[in-house]
Amino acid sequence: MRSLATRRRGLDIWPGFVDALTSLIMVMMFVLLLFAIGQFVLSDSLAGKNRALDSLNARVAELARTLSLAESAKTALDAQVKELSASLGATAAERDQFKTSLDAAQTEAARLGADVAALQKLKAELETEVAKLAGELGISQEETAKGKELSAQQVAQIELLNRQLAAVNTQLAQIQAALDVARKDITAKDLKIANLGKELNIALANRVGELERYRSEFFGRLREALGNRADVRIVGDRFVVPTDILFDSGSAELSPAALASMATLAMTVREVASEIPSTVDWVLRIDGHTDDRPIHTDRFPSNWELSSARAVSIVKYLVVQGLPAHRLSANGFGQFQPLDTSQTPEALARNRRIEIQLTNR
């Protein structure tokens with residue numbers, strides 16, 4: 001009996017062993033499950049990255065096609081710009097030639113005018129002398145007709161006076177012919193000067209018209225860039241922007257909201273400037289204006305300083321944005337060029353403005 005009980009106690013280790021083995025199997029199954037889940041997550045992540053990579057590759061290909069088209073368009077535009085530059089260069093050379101010819105013709109006309117004046121003076125002197133000789137001759141002939149006794153010396157003097165009168169008349173005829181030729185030459189020179197002036201005016205009008213086309217395009221893009229505001233106007237050849245949307249009262253520092261508008265302005269100017277041929281000498285004027293309310297501060301003793309500082313702030317910002325400094329001009333006019341002379345708040349607001357002008361240098 002004791003031997004049997006001892007044997008049964010020896011067999012009691014198996015349930016524990018089975019439990020331990022079961023626990024180990026469950027742990028291994030859990031690890032395998034975690035591994036399978038990790039594999040699934042990793043596969044899904046790799047698949048997503050592959051899809052993103054494919055999308056990026058497609059976008060790169062599209063950008064490459066766009067770049068190719070842009071390069072083709074740029075090449076065509078460069079060729080067009082070269083043609084326009086050559087055409088404008090020829091026009092400028094022709095204009096200079098016309099101007100030189102016009103100056104020479106005007107000089108020649110002045111010289112001929114002086115010659116004509118001298119000939120007319122000489123003609124007047126000769127006519128006076130002729131009248132004098134004719135008077136003397138008339139008196140001598142009258143005495144002869146009356147039968148007065150004349151000495152041989154008087155007869156010789158009369159004959160001499162007759163010869164002198166004939167010579168003077170011949171000289172007068174030559175002077176008159178020279179005057180007629182000079183007048184015809186002056187008329188031809190005047191006609192040539194008029195034609196050269198017309199051609200020069202046409203060339204200048206073409207140049208002004210070309211800049212006007214770029215000015216219209218610039219104003220259109222600038223109005224679109226500033227959001228088509230009702231208080232932003234085009235007055236003649238100037239683009240008028242209220243300073244209240246750019247600066248705080250009594251300040252020359254661009255407001256944060258104005259920096260975005262100025263950046264858009266700079267981009268617009270760069271785009272338009274890239275289309276203007278190099279033969280057109282243009283400049284972008286920034287003119288500052290204030291109302292007539294006086295300002296007295298350490299930095300701005302008067303409205304002159306305030307309007308000038310505001311124009312300079314805009315010009316400096318445009319230079320930072322990449323515009324060439326030699327194409328920019330800053331001017332301050334204070335309160336002395338108002339758009340509205342009344343004293344209403346609306347009139348004062350209209351007079352506080354920045355005027356932008358694309359013009360010739």
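The values are calculated or read from the model by the stated rules, or taken from the named source; none is laboratory data. Note that this is a predicted model, so its numbers are computed, not measured. All Cβ positions, glycine included, derive from the backbone under ideal geometry; neighbour counts span all protein chains shown.
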Exercise. In the stretch 287-304, is there at least one residue being without any contact (Cβ under 8 Å) to a residue 60 or more places away in the chain and in a helix (DSSP H, G or I)?
Worked result: yes
For this session: Go over the candidates Ala273, Ala263, Ala311 one by one and state the one that is part of a helix (DSSP H, G or I) and touching a strand residue (DSSP E or B) at 6+ places or on another chain (Cβ under 7 Å).
Result: Ala311
For this session: Could you please find all residues in the stretch 326-343 being touching a helix residue (DSSP H, G or I) at 6+ places or on another chain (Cβ under 8 Å) and under 17 Å from Asp287 (Cβ atoms)?
Result: Arg327, Leu328, Ser329, Ala330, Asn331, Gly332, Phe333, Gly334, Gln335, Pro338, Leu339, Asp340
Seminar exercise, completed: Residues of the stretch 193-224 being modelled with pLDDT under 65, within 19 Å of the chain's Cα centre (by Cα) and surrounded by fewer than 17 Cβ atoms within 10 Å (Cβ to Cβ), in sequence order, are Leu204, Ala205, Asn206, Val208, Gly209
Seminar exercise, completed: Over the stretch 254-268, the set of residues within 17 Å of Val312 (Cα to Cα) and either crowded, with 16+ Cβ neighbours inside 10 Å or in contact with a Lys or Arg (Cβ under 8 Å, 6 or more places away or on another chain) (or both) is Leu254, Ala258, Ser261, Met262, Leu265, Ala266
For this session: Go through Gln321, Gln337, Gln357 for me and flag whichever is of a type in the set (S, T, N, Q), in contact with a His (Cβ under 8 Å, 6 or more places away or on another chain) and in contact (Cβ under 8 Å) with a residue 40 or more places away in the chain.
Result: Gln337
Problem set entry | Single residue of the stretch 318-357 satisfying the filter (part of a strand (DSSP E or B) and charged (D, E, K, R)) that is surrounded by the most Cβ atoms within 10 Å (Cβ to Cβ) | Arg353
For this session: Name, by its number, the condition in (1) within 30 Å of Ser216 (Cβ to Cβ); (2) in contact (Cβ under 8 Å) with a residue 40 or more places away in the chain; (3) loosely packed, with under 15 Cβ neighbours inside 10 Å that does not hold for Ile276.
Result: (3)
Seminar exercise, completed: Ser313 meets each of (1) under 29 Å from Arg213 (Cα atoms); (2) touching a helix residue (DSSP H, G or I) at 6+ places or on another chain (Cβ under 8 Å); (3) crowded, with 17+ Cβ neighbours inside 10 Å; (4) among the polar types (S, T, N, Q) with one exception, condition (2)
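Suppose the filter is touching a strand residue (DSSP E or B) at 6+ places or on another chain (Cβ under 7 Å), closer than 24 Å to Val235 by Cβ and hydrophobic (A, V, I, L, M, F, W, C); does Leu284 pass it?
Judged against the criteria, Leu284 is a match.
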Exercise. Which of (1) exposed (fewer than 11 other Cβ atoms within 10 Å of the Cβ); (2) at pLDDT 70 or above does Ala93 not meet, given it meets every other one?
Worked result: (2)
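For the stretch 220-260, which positions are in a helix (DSSP H, G or I) and in contact (Cβ under 8 Å) with a residue 24 or more places away in the chain?
The answer is Arg221, Leu222, Ala225, Thr243, Asp244, Leu259.
How many of the residues in the stretch 232-253 are within 24 Å of the chain's Cα centre (by Cα) and surrounded by 13 or more Cβ atoms within 10 Å (Cβ to Cβ)?
11
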Exercise. At pLDDT 65 or above and in contact with a Lys or Arg (Cβ under 8 Å, 6 or more places away or on another chain): does that describe Ile175?
Worked result: yes
